[in-house]
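For reference, the structure is listed below as structure tokens.
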Amino acid sequence: MASESKDKVQNELDISNKVSELNITSSSKVTNDNPEMKAAMYASPKSEGSSEDEQLTIAEKSLLQKVVRKGLIESKYDIEIQRKDPTSPLYSVKTFEALHLKAELLKGLYEMGYNAPSKIQETALPTLLADPPQNMIAQSQSGTGKTAAFVIAMLSRVDATKNYPQVLCLSPTYELAIQTGDVAIKMSQFCKDIKIRYAIRGEQVARNTKLSEQIIIGTPGKVVDWAIKYRIFDLAKIRVFVLDEADVMIATQGHQDQSFRIRKLLSSECQMMFFSATYDEDVMDYAEAIVPNPVTIRLKREEESLDNIKQYYVMCHSPEEKYQAISNIYGVVTIGQAMIFCHTRKMAAWLAQKMSQDGHAVALLSGELTVDQRIAVLDRFREGKEKVLITTNVLSRGIDIEQVTIVVNFDLPIDVNRQADCETYLHRIGRTGRFGKVGLAINLIDSQEALNILCDVERHFGRKITLLDAEDMDELRN
């Protein structure tokens with residue numbers, strides 16, 4: 001270990017010593033007296049980052065994650081399972097047939113393109129479908145097959161001969177409820193006797209009506225109104241209760257109290273499923289108050305892999321030189337789709353304009369866009385209509401797009417103290433290198449401060465980041 005540490009320190013010194021070795025000659029230099037370019041280059045990441053975060057709520061982030069992850073993303077995480085009863089058996093499945101699902105449900109899965117369970121489905125579904133029913137708390141992000149897992153369980157538990165609500169799924173927002181409902185409707189398309197009802201804003205039910213749909217998907221406020229205030233369905237008859245996006249639920253005012261009110265009226269036999277992308281103390285306290293005696297599935301974050309990602313850095317001295325480096329990369333590598341991260345909106349807009357002028361199909365995503373506009377941009381990129389997505393902190397965390405083969409950090413991610421944000425770095429470059437393919441991560445370095453941040457990132461992950469000659473990028477062909 002001591003020798004490894006010594007080698008690591010020496011490597012960092014070697015990197016630092018190479019700062020002055022590389023001088024990029026670009027076709028058009030930026031002048032130091034260009035105030036707009038200087039403002040874009042040196043704008044405070046702290047102030048820009050906070051304004052992005054203010055305009056994108058946790059619920060909006062979760063919605064965007066669902067939009068771009070309409071296909072299944074291969075999980076890079078190992079799964080850790082905790083049980084209240086360590087003697088109870090656990091097993092996983094490799095096929096949907098092994099779960100003995102109803103033929104109509106299996107047909108719906110295949111129609112949706114689900115051919116085999118994802119990693120989390122392999123582990124979660126045998127527990128969710130067990131008899132007697134078992135409660136579950138699961139940490140899982142969008143794109144891992146989490147929604148399909150609990151929808152399979154919801155549809156499997158319904159008694160289609162009984163025309164009253166038996167399954168209740170809570171989502172924190174209207175948009176997220178619609179996303180879940182879309183999955184349930186498509187998956188149940190051949191289950192002719194199963195009916196689904198939204199309990200969301202805009203949905204009206206006459207007083208003294210009794211609901212006949214077996215599955216209710218809605219938001220906490222509307223469910224409280226329907227079930228507790230107007231009593232149009234009976235919470236005591238609910239057999240399956242799903243609470244999705246728990247971390248978003250906690251962040252949304254009033255939802256936590258409303259979900260507790262709903263929980264208190266459920267029967268002790270009701271199966272409970274609790275899902276959250278994060279697993280911090282607030283979420284765990286919330287989960288334990290909602291779900292008794294659960295099987296807990298957690299993602300082991302430290303196992304997120306960089307194994308299939310080649311990491312490089314290029315020394316530059318201006319935004320123009322960074323742009324020239326990107327152009328040189330395109331001259332060497334066949335790129336499917338690329339994501340480029342900038343600190344500021346102004347820099348992102350400048351780069352998007354430059355690339356568009358040079359004939360690249362570019363999409364720009366930044367914080368001033370409305371949610372609908374962001375969804376439209378992401379849809380076009382996901383569908384391949386644009387090959388390059390340039391973004392600021394809006395997409396720093398959690399958004400995965402399958403076909404991305406290269407990630408460029410036009411600016412390295414830093415926290416509010418201008419220190420290396422290693423978690424965000426991992427989220428950014430982790431979008432590439434899936435399914436055994438080799439992904440590329442290119443870091444454009446324009447100052448000693450940026451180089452120091454890069455060294456911190458390299459030390460944190462224990463992975464070498466290789467210096468790349470901006471004028472001779474043939475190494476990328478290997």
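Taken together, the criteria place residue 81 among residues that are at pLDDT below 55 and either in the same structural domain as residue 276 (by TED's automatic domain parsing) or of a type in the set (Val, Ile, Thr) (or both).
Quick grid of which residues meet (1) assigned to a loop (DSSP other than H, G, I, E, B); (2) basic (Lys, Arg); (3) surrounded by fewer than 16 Cβ atoms within 10 Å (Cβ to Cβ):
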position: 191; (1), (2), (3): yes, no, no
position: 216; (1), (2), (3): no, no, no
position: 221; (1), (2), (3): no, no, yes
position: 247; (1), (2), (3): no, no, no
position: 259; (1), (2), (3): no, no, no
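Taking residues in the stretch 129-158 that are assigned by TED's automatic domain parsing to the domain that holds residue 267 and in a helix (DSSP H, G or I), and partners anywhere that are surrounded by fewer than 20 Cβ atoms within 10 Å (Cβ to Cβ) and of a type in the set (Asp, Glu), not one pair has Cβ atoms closer than 6 Å while being at least 6 places apart or on different chains.
Screening the stretch 126-155 for residues that are farther than 26 Å from residue 282 by Cα and buried (at least 21 other Cβ atoms within 10 Å of the Cβ) and picking the one that is farthest from the chain's Cα centre (by Cα) gives 155. Restricted to helices (runs of 4 or more DSSP H) entirely inside the stretch 267-365, those with at least 2 residues that are within 25 Å of the chain's Cα centre (by Cα), assigned by TED's automatic domain parsing to the domain that holds residue 144 and not aromatic (Phe, Trp, Tyr) are 281-290.
Among residues of the stretch 389-417 being at pLDDT below 90, in contact with a helix residue (DSSP H, G or I) (Cβ under 7 Å, 6 or more places away or on another chain) and assigned to a strand (DSSP E or B), the one that is farthest from residue 465 (Cα to Cα) is 391. Here residue 194 passes the criteria (1) in contact with a Ser or Thr (Cβ under 6 Å, 6 or more places away or on another chain); (2) more than 16 Å from residue 163 (Cα to Cα) except the one numbered (2). For the stretch 359-373, the tally of residues that are of a type outside the set (Ser, Thr, Tyr) and over 16 Å from residue 340 (Cα atoms) stands at 6. When the residues of the stretch 418-436 are filtered to those that are closer than 16 Å to residue 392 by Cβ, in a helix (DSSP H, G or I) and not polar (S, T, N, Q), the one that is modelled with the lowest pLDDT is 427. Of the residues screened, residue 182 is one that is acidic (Asp, Glu), without any contact (Cβ under 8 Å) to a residue 12 or more places away in the chain and either surrounded by fewer than 23 Cβ atoms within 10 Å (Cβ to Cβ) or touching a Leu at 6+ places or on another chain (Cβ under 8 Å) (or both).
Could you tell me which residue of the stretch 176-217 is farthest from residue 103 (Cα to Cα), considering only residues that are touching a strand residue (DSSP E or B) at 6+ places or on another chain (Cβ under 9 Å) and of a type in the set (Lys, Arg)? Only one residue tops the list, namely 197.
Scanning the stretch 197-214 for residues that are under 23 Å from residue 156 (Cα atoms), among the hydrophobic types (A, V, I, L, M, F, W, C) and surrounded by fewer than 19 Cβ atoms within 10 Å (Cβ to Cβ) yields one hit, 211.
Among the residues of the stretch 244-272, those that are closer than 18 Å to residue 140 by Cβ and modelled with pLDDT under 95 comprise 244, 245, 246, 247, 248, 249, 250, 251.
The values are calculated or read from the model by the stated rules, or taken from the named source; none is laboratory data. Note that the structure is a prediction, hence the values are computed from the model and not measured. As a convention, Cβ positions derive from the backbone with ideal geometry for all residues, glycine included, and neighbour counts pool all protein chains shown.
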